[in-house]
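The values are calculated or read from the model by the stated rules, or taken from the named source; none is laboratory data. All of these numbers come straight from a predicted model, not from anything done at the bench. FYI the Cβ positions are ideal-geometry reconstructions off the backbone, even for glycines, and counts take in every protein chain you see. The protein model used for the area step is the full one, side chains on, heavy atoms only, and it has no ligands, DNA or RNA in it. Shrake-Rupley method; radii C 1.70, N 1.55, O 1.52, S 1.80 Å.
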Amino acid sequence: MRVPMIAGNWKMNTTVSQAVALVNEMRHELNEIGNIDKVVCPPFISLSAVGELIKGSSIKLGAQDMYFEERGAYTGEISPLMLAELCELVIIGHSERRQYFNETGEIVNRKVLAALRVGLKPILCIGERLDENEAGRTAEVVTGQLRSSLVGISDLNGLVIAYEPVWAIGTGKAATGDWANETIGLIRRNLAELYGKEIAQRVRILYGGSVTAANTSEFISQSEIDGALVGGASLKSSEFLSIVKQTSEIRG
Ligand code: PEP
């Protein structure tokens with residue numbers, strides 16, 4: 001009942017011409033794959049060019065971050081209104097933003113609120129660090145991040161959540177399918193407590209952390225996992241296409 005989603009987070013990779021080349025390599029094949037939402041999230045400066053290339057196709061465009069104010073004297077920032085003209089989704093609270101740019105739960109909450117206000121669909125990232133995982137604090141950390149991110153949000157329409165254990169991101173050490181499924185189940189139970197079971201069943205929750213073509217089926221075959229947020233592997237067209245195709249086949 002939940003349409004699966006595979007979103008590629010290109011992070012701070014690709015110049016504009018490289019982004020155009022990458023999307024050109026895969027857009028025709030990606031466009032043909034059904035039963036699934038396919039999202040590419042290039043750097044801000046490539047959103048327009050990539051957006052032009054996928055216009056009219058089934059591929060969706062996402063940004064990797066945004067500021068929470070709509071306009072004003074915030075030199076260098078990108079506003080939700082600017083993004084809403086270009087794309088449908090926006091990644092919010094990625095662990096790299098939390099870790100390197102000191103994004104707190106309060107900032108993440110303001111960004112989620114601001115995105116929803118202008119009709120952008122947030123991909124809200126939550127996940128525990130290695131030390132928290134090893135201390136057995138995963139449930140506490142993930143629950144805390146989820147609840148602080150959703151303060152003041154009454155309507156979850158459009159919201160996508162990505163469970164991304166920090167220790168699995170970019171490390172090549174993916175979580176196991178069972179671990180991700182269990183933690184995503186916990187996230188869904190929290191949503192049910194906050195918003196009711198029916199709404200919780202409608203929210204898509206992705207897994208992210210070293211997903212590749214080789215381990216996709218381990219995650220996608222799990223009952224609670226609705227897709228993946230893919231970093232490194234989304235920069236190789238053949239790899240990304242394989243992840244999307246496998247997901248469409250398993251869940252279609
Ligand atoms: C990410 O950037 O969200 C991510 C999951 O990266 P990677 O797939 O490279 O671990």
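Given a cut-off of 24 Å, name the pairs among LYS173/LYS197; LYS11/LYS60; LYS38/LYS197; LYS11/LYS245; LYS11/LYS121 whose C-alpha atoms lie farther apart than that in the structure shown. Numbers along the way, then the final one.
Values: LYS173/LYS197 32 Å; LYS11/LYS60 17 Å; LYS38/LYS197 26 Å; LYS11/LYS245 22 Å; LYS11/LYS121 18 Å.
Distance filter (> 24 Å) returns LYS173/LYS197; LYS38/LYS197.
For region 54-107, what is the largest minus smallest coordinate of the Cα atoms on each principal axis, given in angstrom and ordered from greatest to least?
For region 54-107, the Cα extents along the three principal axes come out at 37, 26, 17 Å.
Return the Rg/Rh ratio of the chain with Cα-based radii and a Kirkwood Rh.
Details: Rg = 16.8 Å, Rh = 18.0 Å.
That ratio is 0.93, to two decimals.
Any idea what diffusion coefficient region 84-166 gets from Stokes-Einstein, in µm²/s, Kirkwood Rh on alpha carbon pairs, 4 °C, 1.567 mPa s?
Numbers: Rh = 13.0 Å.
The Stokes-Einstein estimate is 100 µm²/s.
Tell me the carbon and sulfur percent of the accessible area for the chain, rounded to whole percent, probe radius 1.4 Å.
Working: 5610 of 11240 Å².
C and S atoms contribute 50 percent here.
Whose amide H sits under 5 Å from the amide H of ILE92, counting only residues 5 or more places off or on another chain, with H placed in the peptide plane?
The list, which skips near neighbours in sequence, is ILE123, LEU124, CYS125.
Using Cα pairs closer than 8 Å and at least 6 residues apart in sequence, work out the relative contact order for region 53-170, in percent. Intermediate results must be reported in sequence, preceding the final value.
Details: 175 pairs, mean separation 29.4, N = 118.
In percent, rounded to a whole number, it is 25.
When the Karplus curve 6.51 cos²θ - 1.76 cosθ + 1.60 is applied with θ = phi - 60°, which whole-Hz ³J(HN,Hα) does each residue of region 219-231 get, with x for Gly and Pro?
Those phi angles translate into 8, 5, 7, 7, 5, 8, 8, 9, x, 8, 9, 10, x Hz.
For the chain, what is the accessible area per residue in Å², given a 1.4 Å probe and the full set of protein chains?
Accessible area per residue, the chain: 45 Å².
Report the longest stretch of the chain that contains none of the chymotrypsin sites (Phe, Trp or Tyr not before Pro) sitting in a DSSP loop with at most 13 other Cβ atoms within 10 Å. All intermediate terms of the calculation are to be shown ahead of the outcome.
On the way: sites that count: TYR74, PHE101.
Longest stretch, sites excluded: 102-252.
Roughly speaking, what is the centre-to-centre gap between region 122-194 and region 224-242 when only Cα atoms are used, to the nearest Å?
The two parts, judged by their Cα centres, are 19 Å apart.
Where does the charge balance sit around VAL90 when Lys and Arg score +1, Asp and Glu -1, over other residues with C-beta under 10 Å from its C-beta?
0
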